[in-house]
Amino acid sequence: MTDRPTARETIALVTDDFTELPYPPRNSAPDGPLAWQGYDASRARAAERTGEQESVACGTAHVEGTRAVLIAFEFGFLGGSLGERTGDRLEAAYTYAREHRLPVVPLVATGGSRMQEGMLALTQLQRVARQSALTREAGLPQTAVLRDPTTGGGWATLGAGADVILALPGAQVGFAGSRVRPPDADPTAYTAEAQVAAGAADAIVPPEELRETLGLWLRLLSAPSDAPAPVPSPLGATDLPATGWAAVRRARDPQRPRAEAYLDVYFAHRVTISGDRCGGTDPAGMLCGFGEHEGRTIAYAAQTGSATRPAGYRTATRLIRLAERLGIPVLTLVDTPGAANDAEAERQGAGAAIADLFLTVASARTPITTLVIGEGGSGGALALAAPGSTWATPDSYFSVIAPEPAAAILKRPAEEVEATADQLRIRPQDLVELGVIREHGS
């Protein structure tokens, strides 16, 4: 990014009523805690150039109607670096947010820790992490906006540590700043776009859309609810399948309504989280996010009909854990022939990813509602299903494994696949009788 808005310009981009918070006083020795020669003069020049007294401005504001605490970095003030006074301001802002039950929005633009304060500057990251952790425990959302640049400890705490991470196009984002990377490092790896592709950030948002997008996120994440998500109405077939194989054929019909169709009908508005924060995404296999249904916020994790990859399971786990912390009910849509079982999926930790999702669903304190809308293939589907709170559409099936591999495991010839499907009792009405799913209206 060549055009680098100031902290105040960025604040004005998202709100019209910013009220700055008071800051705690700090009496520092001449030239700071290390007596770094010329440090006071550098600070004075930075203040004169930017109009700021420190590298961050903190205050409250309404973003599209939702009041929040904004933390805006001024990169022109010593590279937006973190020092002791920065830590003072950040701690005060987070404390205010918890006391007044407000979401926190870091508008990050920083090069990292301040050299002139040495290790005392670096330890501010521990201070920030503590404040972020306390805010998580309080059930308050943190939505970061990555500006240019977001590097070093600022990225590794305020940025990457947020619940939802939005980024401005072309922003430099990475732990290593431009002056400390290997000389042969690929610069495209240190961009907002690369971080989204790697699952480390959720979305790129153009500046002209930032206020509306951020406002929607804040509104959705700040609306807890105790009631379970209502079960979506079936969008496809309404009559029940006659045989097990008929159920399989219906579920595999390419014309059958998929997750996108269900989400579009169910939600008036929705926003998407992306990535497992471990280097992976699975946009073709799992859709996750938050939406508005009949005036309430519902979180969703929806399989798309393809084999789900480990990153998809980890993203769903991340979604459910976030929803639980914020007190938001969850809707899951099951539709997969099974978990991806190729060698790369094993290298990416398929078993551990599925296990973690099973544990997260089993232990969730927020209500989870599940609807099977297509194929329910083995544990790769069951991991997303809520025990005792799962329904199924008439054009779906749920099975210990698909009929073809089931027949192969039983050493049966191909012509017995259809009979095997009947024996497995995988139709929706069979599953109701078996007590695996609930009947509509129950």
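Which one of these is of a type outside the set (Asp, Glu) and within 30 Å of residue 174 (Cβ to Cβ): 203, 246? Give the steps one after another, and end with the answer.
Working: 246 fails: within 30 Å of residue 174 (Cβ to Cβ).
Checking each option against the conditions leaves just 203.
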(message) Can you tell me which of (1) touching a strand residue (DSSP E or B) at 6+ places or on another chain (Cβ under 9 Å); (2) over 28 Å from residue 107 (Cβ atoms); (3) surrounded by 15 or more Cβ atoms within 10 Å (Cβ to Cβ) is the one residue 237 doesn't meet?
(response) (1)
(request) Name, by its number, the condition in (1) in a helix (DSSP H, G or I); (2) farther than 28 Å from residue 402 by Cβ; (3) open to solvent by 10 Å² or more (accessible area, probe 1.4 Å) that does not hold for residue 322. (result) (3)
(message) Of the conditions (1) in a helix (DSSP H, G or I); (2) touching a residue at least 60 places away in the same chain (Cβ under 8 Å), residue 109 satisfies every one except a single condition; which number is it?
(response) (1)
(request) Using the structure shown, decide if residue 331 is in contact with a Ser or Thr (Cβ under 7 Å, 6 or more places away or on another chain) and either of a type in the set (A, V, I, L, M) or surrounded by 23 or more Cβ atoms within 10 Å (Cβ to Cβ) (or both). (result) yes
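Conditions tested, residue by residue: (1) free of Cβ contacts under 8 Å to residues at least 24 places away in the same chain; (2) of a type in the set (Gly, Ala, Ser); (3) farther than 22 Å from residue 151 by Cα; (4) in contact with a Leu (Cβ under 6 Å, 6 or more places away or on another chain).
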site	(1), (2), (3), (4)
30	yes, no, yes, no
36	no, no, yes, no
44	yes, yes, yes, no
68	no, yes, yes, yes
72	no, yes, no, yes
76	no, yes, no, no
(request) Mind counting the residues in the range 283-308 that are farther than 18 Å from residue 166 by Cα and part of a loop (DSSP other than H, G, I, E, B)? (result) 8
(request) Any residue in the range 151-178 that's open to solvent by 20 Å² or more (accessible area, probe 1.4 Å): show its pairings with residues that are assigned to a loop (DSSP other than H, G, I, E, B) and charged (D, E, K, R) at Cβ separation under 8 Å, as long as the two are six or more apart or on different chains. (result) 160/277
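To keep it simple, each residue is scored yes or no on (1) within 23 Å of the chain's Cα centre (by Cα); (2) closer than 25 Å to residue 227 by Cα; (3) at pLDDT 95 or above.
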{"position": "359", "(1), (2), (3)": "yes, yes, yes"}
{"position": "367", "(1), (2), (3)": "yes, yes, yes"}
{"position": "374", "(1), (2), (3)": "no, no, yes"}
{"position": "414", "(1), (2), (3)": "no, no, no"}
(request) For the range 389-401, enumerate the residues that are under 26 Å from the mean Cα position of the chain (by Cα) and surrounded by fewer than 22 Cβ atoms within 10 Å (Cβ to Cβ). (result) 389
(message) Residues to consider are 67, 4, 45, 49; find the one that is in a loop (DSSP other than H, G, I, E, B), open to solvent by 50 Å² or more (accessible area, probe 1.4 Å) and more than 25 Å from residue 123 (Cβ to Cβ).
(response) 4
(request) Among the residues of the range 111-127, write down those that are among the polar types (S, T, N, Q) and modelled with pLDDT of 95 or more. (result) 116, 123, 124, 126
(message) Criterion first (β-branched (Val, Ile, Thr) and open to solvent by 10 Å² or more (accessible area, probe 1.4 Å)) does residue 297 satisfy it?
(response) no
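The values are calculated or read from the model by the stated rules, or taken from the named source; none is laboratory data. Keep in mind that this is a model prediction, so the values were computed, not measured. A quick note on method: Cβ atoms are made from the backbone with ideal geometry, for glycine too, and the neighbour counts reach across all protein chains shown. The area values use the complete protein model at the heavy-atom level, side chains included, leaving out ligands, DNA and RNA. Shrake-Rupley method; radii C 1.70, N 1.55, O 1.52, S 1.80 Å.
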